[in-house]
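Visitor: So that we are looking at the same thing, I have put the structure below in structure tokens.
The values are calculated or read from the model by the stated rules, or taken from the named source; none is laboratory data. These figures come from a predicted structure and were not determined experimentally. Positions of Cβ are backbone-derived with ideal geometry, glycine not excepted, and every protein chain shown enters the neighbour counts. Note: areas computed on protein heavy atoms with side chains; ligands, DNA, RNA excluded. Shrake-Rupley method; radii C 1.70, N 1.55, O 1.52, S 1.80 Å.
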Amino acid sequence: MKKIILSLITLFLAITMNAQPTRTIFITGGDFSTPFIKYVIGLTHKPNPRICFIPTASADNPNNIIHWYETCADLPMRPYVLRTFINSRPDQSTFEETIMSMDAIIVGGGSTLNMMAIWKAQGIDTVLRKAYEKGIVMAGGSAGSLCWFTGGITDSRPKQLTLVDCLGFIPTSHCPHYHSEPGRKPLYQEEVLIGHLRAGYACDDRAGILFQDEKLTKSVAADPDSHTYFVSVADGKIKEEQLPIEPLP
């Protein structure tokens, strides 16, 4: 009997050690407010998780960093910031050391195009992929949501909205601010229709989508007027499907 129990324990430990971590991304259409941060805390399944805010898209705007720490002050988490506009010092951690020590990453809004360029120049894109595969929760709103997809619409260039290529962790396109910013929805639908963008997901500002292992798990919203959508092409026409939504817990 003891041999059977020991065998079962050994088998369980072997399965547990070889189990692949769940790859998790949670995105919102707009700014990442307190209810969404609380949701990310829950996704880590840890009592006091280390969560790092990456404000590259806003050029490490100090007001955004201060707001991050103020917002997190009363939450059951340990807040950090990864600055990319830096001067070298011997006592600094590398970008990889910081990112890989976290339980979750939240990327802020701003210029998606500039953020992508800086991340690639610094090798942060590669480190984020490594963290994602490890099971560290990835999250963000606005530019911080768009970055995880193959691409979408950006306001990072002069005069007009244009296309931007992103990390491609989720193999679809994406459109944040779907109804809140004029011009985004019609241009996104046009680019999907003519094939410049893949079919993909759109979010209103106060709605979010949880992906696990690159598949949609659920949609959530902070109010009943916010929604998420899947935009594709059917019979040569745009098909906009409003997704089932749950209120934030």
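Visitor: Is it fair to say Pro249 is over 20 Å from Ser58 (Cβ atoms), loosely packed, with under 13 Cβ neighbours inside 10 Å and at pLDDT below 95? Spell out the reasoning first.
Guide: On the way: over 20 Å from Ser58 (Cβ atoms): yes; loosely packed, with under 13 Cβ neighbours inside 10 Å: yes; at pLDDT below 95: yes.
Spelling it out, Pro249 is indeed over 20 Å from Ser58 (Cβ atoms), loosely packed, with under 13 Cβ neighbours inside 10 Å and at pLDDT below 95.
Visitor: Restricting attention to the stretch 129-168, which residues are open to solvent by 10 Å² or more (accessible area, probe 1.4 Å), over 21 Å from Ile41 (Cα atoms) and not polar (S, T, N, Q)?
Guide: Asp155, Arg157, Pro158, Lys159, Leu161, Leu163, Asp165, Cys166, Leu167, Gly168
Visitor: Sticking with this one: May I ask you to list the residues in the stretch 46-80 that are within 19 Å of Val127 (Cα to Cα) and among the β-branched types (Val, Ile, Thr)?
Guide: Ile51, Ile54, Thr56 - these are the residues of the stretch 46-80 that are within 19 Å of Val127 (Cα to Cα) and among the β-branched types (Val, Ile, Thr).
Quick grid of which residues meet (1) part of a helix (DSSP H, G or I); (2) in contact (Cβ under 8 Å) with a residue 40 or more places away in the chain; (3) open to solvent by 40 Å² or more (accessible area, probe 1.4 Å):
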position	(1), (2), (3)
Asp91	no, no, yes
Ile105	no, yes, no
Leu113	yes, yes, yes
Asp125	yes, yes, no
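Visitor: Just to verify a result, which residue in the stretch 204-239, among those that are in contact (Cβ under 8 Å) with a residue 12 or more places away in the chain and among the β-branched types (Val, Ile, Thr), is most open to solvent (accessible area, probe 1.4 Å)?
Guide: Val233
Visitor: The conditions are (1) open to solvent by 40 Å² or more (accessible area, probe 1.4 Å); (2) closer than 25 Å to Asp213 by Cβ; (3) modelled with pLDDT of 95 or more; (4) among the polar types (S, T, N, Q), and Thr28 fails exactly one of them. Which is it?
Guide: (1)
Visitor: Here is a further query. Report the residue count in the stretch 205-243 for those that are charged (D, E, K, R), on the phi > 0 side of the Ramachandran plot and over 14 Å from the mean Cα position of the chain (by Cα). Even if it seems obvious, please write down each step before you answer.
Guide: First pass over the stretch 205-243, keeping only residues charged (D, E, K, R): 205-206, 213-215, 218, 223, 225, 235, 237, 239-241.
Of the ones still in play, those that are also on the phi > 0 side of the Ramachandran plot are 213-214, 235.
Those still in the list that are over 14 Å from the mean Cα position of the chain (by Cα) too: 235.
Final tally of qualifying residues: 1.
Visitor: Now, a different point. Answer yes or no: is there a residue in the stretch 42-49 that is assigned to a strand (DSSP E or B), modelled with pLDDT of 95 or more and under 30 Å from His179 (Cβ atoms). Can you show your working first?
Guide: Pass one, the stretch 42-49, residues assigned to a strand (DSSP E or B): none.
No, because not a single residue in the stretch 42-49 is assigned to a strand (DSSP E or B), modelled with pLDDT of 95 or more and under 30 Å from His179 (Cβ atoms).
Visitor: Here's something else I'd like to know. Could you tell me whether any residue of the stretch 22-34 is closer than 15 Å to Met138 by Cα and part of a helix (DSSP H, G or I)?
Guide: no
Visitor: Right, something else. With respect to the numbered conditions (1) farther than 17 Å from Thr24 by Cα; (2) assigned to a loop (DSSP other than H, G, I, E, B), which one is the sole condition not fulfilled by Gly168?
Guide: With (1) farther than 17 Å from Thr24 by Cα; (2) assigned to a loop (DSSP other than H, G, I, E, B) applied to Gly168, the lone miss is (1).
Visitor: Collect the residues in the stretch 60-89 that are surrounded by fewer than 18 Cβ atoms within 10 Å (Cβ to Cβ) and either in a loop (DSSP other than H, G, I, E, B) or touching a residue at least 40 places away in the same chain (Cβ under 8 Å) (or both), keeping them in residue-number order.
Guide: Residues satisfying the conditions are Asn61, Ala73, Asp74, Leu75, Pro76, Arg83, Thr84, Phe85, Ile86, Asn87, Ser88, Arg89.
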